[in-house]
Amino acid sequence: MHIEPGMLSAAKIVGANAAALSLLASHVPAFLRRPLEWGKALLAAIFFSVFMEFWHQPVGPSELHFIGASAIYFIFGFPATLFGFGIGLTLQGLLFEPQDLGHLAVNSLSLMVPLVAAHAMGGKRLLESGGLASIRWSSVLRFDAVYYSGVVAMVGFWLMLGERATPFADWAVFAAAYLPVVLCEPAISCGLLRALGRLDAGNPLLRVTTLRSPALA
């Protein structure tokens, strides 16, 4: 999902900055009403940064990343994950890749727009339907399929707007390379959710919904 510096013109980067800020601003009222969300967003950023640094591989015109999106989303919820992506990318830019800060909004949108889509296309219903341990592997697989399809589409969108021509075949190779991630990530996410589902209901930073079911199916 990484877009290399220099790929987009300054005007397009300004537009991406405006879009990212508008998206985040629309969710600020929820954070003001629930200060606990800030703590969850920071934890989501830390989890996200660990996952991102744990495994990343250049493929075609971009990079594959193990994002851990479904685990972070189902543990911390939608608003915290949305802000966590932006905070995490900012920290990574400041600490490891300062040159990427110019594309901070671009890369943030590549993660946040698919999250909005996955949340609207079933994620919200899953969060509201029960506890962490009641979420099935098949549901996580569907969430990840929607999410990573969105990530791949966003990368294609930025490449289409790029100042340098990118062959469609290069993007197709990148898109196909994400399939193993989509198949592996649900298993890891379900393992984390199962472990948290066995905890006694006590930590409000980790609980998104009431933990009811004893195990994942």
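The values are calculated or read from the model by the stated rules, or taken from the named source; none is laboratory data. These numbers were taken from a predicted model, which means no experiment stands behind them. Reconstructed Cβ throughout: ideal geometry from the backbone, glycine too, with neighbour counts over all protein chains shown. Side chains included, ligands, DNA and RNA excluded: accessible areas come from the protein's heavy atoms. Shrake-Rupley method; radii C 1.70, N 1.55, O 1.52, S 1.80 Å.
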State whether the residues of region 36-52 include one that is under 21 Å from Ile13 (Cα atoms) and either surrounded by fewer than 24 Cβ atoms within 10 Å (Cβ to Cβ) or β-branched (Val, Ile, Thr) (or both). no
Please indicate, with yes or no, whether at least one residue in region 49-64 is over 29 Å from Val173 (Cα atoms) and of a type in the set (Phe, Trp, Tyr). no
What about Ala169, is it assigned to a helix (DSSP H, G or I), small (Gly, Ala, Ser), modelled with pLDDT of 85 or more and under 24 Å from His119 (Cα atoms)? no
When Ser9 is run through (1) in contact (Cβ under 8 Å) with a residue 40 or more places away in the chain; (2) polar (S, T, N, Q); (3) open to solvent by 70 Å² or more (accessible area, probe 1.4 Å), the failure sits at (3)
Scan Val146, Val181, Val140 and give me the residue that is open to solvent by less than 20 Å² (accessible area, probe 1.4 Å), assigned to a helix (DSSP H, G or I), modelled with pLDDT of 85 or more and closer than 27 Å to Gly123 by Cα. Val140
Of all residues making up region 13-35, the number that are farther than 30 Å from Leu161 by Cβ and open to solvent by less than 50 Å² (accessible area, probe 1.4 Å): 2
Tell me yes or no: at least one residue of region 62-85 is open to solvent by 50 Å² or more (accessible area, probe 1.4 Å) and under 21 Å from Ala19 (Cα atoms). no
Give just the number: which of (1) surrounded by fewer than 17 Cβ atoms within 10 Å (Cβ to Cβ); (2) under 30 Å from Ser9 (Cβ atoms) does Ala187 not satisfy? (2)
By residue number, the members of region 184-217 that are among the acidic types (Asp, Glu) and modelled with pLDDT of 80 or more are Glu185
Would you check which residues across region 149-183 are touching a residue at least 60 places away in the same chain (Cβ under 8 Å) and of a type in the set (Phe, Trp, Tyr) and list them? Trp158, Trp171, Phe174, Tyr178
